[in-house]
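Working notes, beginning with the structure itself.
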Amino acid sequence: MKRWIDIDPLDRFYRDMLDMARLGLDAHNEHSFIEGMPYDTFEPGHERIIKRFVTFDGQQEFAIPGYQMHIENPVSVFVAGVQVQPERVENEKITMSHPLSSGLEVVCIAYGRPAYQEDGCVHRPYVETDESAISLPSATLSMAADDQGQTKNQPETVTVLGTKLKRLSVKIQSEEDPKEVIKKAFGFRQDVFAIYRGIVYLPFNYNGFPVLVGYNYREAGSVQFKQETVVVSTDHARYHDRFFPNVRMKRAQFLVLLQQMRVDIYNRFTDRGLESSTYPPRTLLDRSSFSGQGYEQDVMDLVSEQFLDGSYVFPLYENNMLEPEKCITRAEAVVFLNRFIEWALEKFR
């Protein structure tokens with residue numbers, strides 16, 4: 001499955017996004033330098049829908065009641081755990097390119113169309129549910145009463161649409177709420193699962209998904225291993241599977257943040273720190289529009305920075321203008337961040 005369902009290899013910012021996503025904030029790269037944005041609210045009529053089918057011989061069409069086509073409401077189809085491209089997607093129905101044989105698991109996922117909240121040119125996905133009400137999707141296993149947890153005989157396993165997740169060991173004290181402890185341990189990771197007292201917990205993004213669970217239970221005095229398919233669900237998920245590349249913030253705010261990072265790097269790796277006039281000021285046709293603003297010097301210092309070959313690190317917009325009071329999208333921000341890292345590696349390696 002894709003990490004972000006709203007990012008495509010044909011997007012102009014895809015290379016920068018890929019480079020940034022590979023950077024980790026910890027030794028094990030479990031937490032990325034850039035993350036998606038949480039959301040939990042959908043536009044009416046465009047909610048998230050997950051349908052599971054077991055095919056009959058020759059089946060080619062699959063009904064998705066309630067699904068309405070929209071560019072922000074894509075559909076993914078998995079056949080026996082492998083993602084495939086349907087021949088045709090219509091309102092409430094998809095059609096495969098050829099008839100399927102019987103007994104195959106087909107999962108159709110309509111990811112929903114997120115709702116947004118606006119504040120001037122700044123807009124972001126809507127988060128409505130209070131944090132205390134958010135819960136991980138879960139399911140009670142059929143042999144929950146006899147669950148033996150992780151034993152030396154057989155490791156617990158969870159597979160979602162052909163992808164194996166990692167078992168996350170979570171220590172839970174007797175006075176603690178297991179759901180809250182596991183939720184905190186998961187964060188927004190998408191690659192883990194936990195089984196506690198016969199209940200399997202998965203990350204938010206798998207809400208409504210069918211999952212294959214392997215676990216141990218005791219029967220007639222001996223430990224047995226069982227695999228079963230369950231659907232994990234919650235009424236209040238907080239999804240994290242979109243990057244929202246077109247969500248905006250003001251350019252000046254973002255550029256000042258980059259300048260602070262630049263100053264910090266100079267202070268760490270040089271004897272004298274950063275001198276504001278390292279390079280001649282870059283020519284900006286719209287500089288007069290933000291002359292005297294509190295961020296003017298920071299922004300000018302930043303955009304005047306150069307690579308060793310003399311080219312400018314940060315791109316300008318049309319007609320050599322910066323327009324710092326306009327909003328910057330998250331995709332543009334990733335481009336700036338990636339160029340910043342390329343500059344820092346070249347400058348201080």
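The values are calculated or read from the model by the stated rules, or taken from the named source; none is laboratory data. A quick note: this is a predicted structure, and the numbers were derived from the prediction, not measured. Cβ atoms come from the backbone with ideal geometry, glycine included; neighbour counts cover every protein chain shown.
Any residue in segment 205-223 that is farther than 30 Å from residue 54 by Cβ, among the polar types (S, T, N, Q) and part of a strand (DSSP E or B)? For segment 205-223, residues farther than 30 Å from residue 54 by Cβ, among the polar types (S, T, N, Q) and part of a strand (DSSP E or B): present.
Selection of segment 158-188 for residues being in contact with a Leu (Cβ under 8 Å, 6 or more places away or on another chain) and of a type in the set (Val, Ile, Thr) yields 158, 159, 160, 182. There is no residue in segment 2-22 that is in a strand (DSSP E or B) and either of a type outside the set (Phe, Trp, Tyr) or at pLDDT 95 or above (or both).
Residues checked against (1) of a type in the set (Gly, Ala, Ser); (2) on the phi > 0 side of the Ramachandran plot:
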residue: 128; (1), (2): no, no
residue: 136; (1), (2): no, no
residue: 139; (1), (2): yes, no
residue: 143; (1), (2): no, no
residue: 159; (1), (2): no, no
residue: 162; (1), (2): yes, yes
residue: 165; (1), (2): no, no
residue: 174; (1), (2): yes, no
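Residues of segment 110-144 that are part of a strand (DSSP E or B) and touching a Pro at 6+ places or on another chain (Cβ under 9 Å): 110, 114, 116, 117, 125.
Can residue 163 be described as surrounded by fewer than 16 Cβ atoms within 10 Å (Cβ to Cβ), among the polar types (S, T, N, Q) and either closer than 21 Å to residue 110 by Cα or touching a Cys at 6+ places or on another chain (Cβ under 7 Å) (or both)? For residue 163, the condition - surrounded by fewer than 16 Cβ atoms within 10 Å (Cβ to Cβ), among the polar types (S, T, N, Q) and either closer than 21 Å to residue 110 by Cα or touching a Cys at 6+ places or on another chain (Cβ under 7 Å) (or both) - is met. When 269, 204, 243 are checked against the criterion of being within 23 Å of residue 177 (Cα to Cα) and either touching a strand residue (DSSP E or B) at 6+ places or on another chain (Cβ under 9 Å) or in contact (Cβ under 8 Å) with a residue 12 or more places away in the chain (or both), a single residue qualifies: 204. If only residues of segment 76-95 that are in contact with a Lys or Arg (Cβ under 9 Å, 6 or more places away or on another chain) and within 10 Å of residue 60 (Cβ to Cβ) are counted, the one that is surrounded by the fewest Cβ atoms within 10 Å (Cβ to Cβ) is 95. Per the conditions (1) touching an Asp or Glu at 6+ places or on another chain (Cβ under 9 Å); (2) closer than 25 Å to residue 235 by Cα; (3) modelled with pLDDT of 95 or more, the sole criterion not satisfied by residue 74 is (3).
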